[in-house]
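First comes the structure, then the notes that go with it.
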Amino acid sequence: MPVKAVAPITQLFAKKTILKTQTRFYTPEQAANFLQDAKAVESRVFSVLERFEKIPKDKLTSNAHFQNDLGLDSLDRVEVVLAIEEEFNTEFTDEQSDKFMGVADVVQFVARQPDVHQRTYKPDDI
């Protein structure tokens, strides 16, 4: 049975925003190919985290806890989540992002998402 993937595309015409949806069907094998290797995801997450001045580079490990090991407060965590969303062109719900206590949580969650490769177009992107 094919897997359905939906990517919204927003276009701006005459100061009106029109939401169009593209639908693509994938076989389970094709959908499995979109799952990112955990090591590739971890590498991208590390590159995002290394850009934050508040994160000590020597304490950044795969098992680092955002608050206990890296010393991030709740606002810093929000900034990290937003940067990771931007890196992977995705959005996390509040419930999902509240579960991100450390690097491993983010890597595991993102690696399991089949649609992290998709891009959501915003009106100013067109």
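Here, each number is a calculation from the coordinates, and none is a lab measurement. Computed from a predicted structure; not experimentally measured.
Scanning residues 5 or more positions from G102 or on other chains, those with amide H under 5 Å from its amide H are F66, with H placed 1.01 Å from N in the peptide plane.
Relative to the globular-protein estimate of 2.2 N^0.38 Å, the Cα radius of gyration of segment 36-117 stands at 0.98. Subtracting the Cα-Cα distance of L75 and D105 from 0.36 nm times their residue separation leaves 9.0 nm of extension gain.
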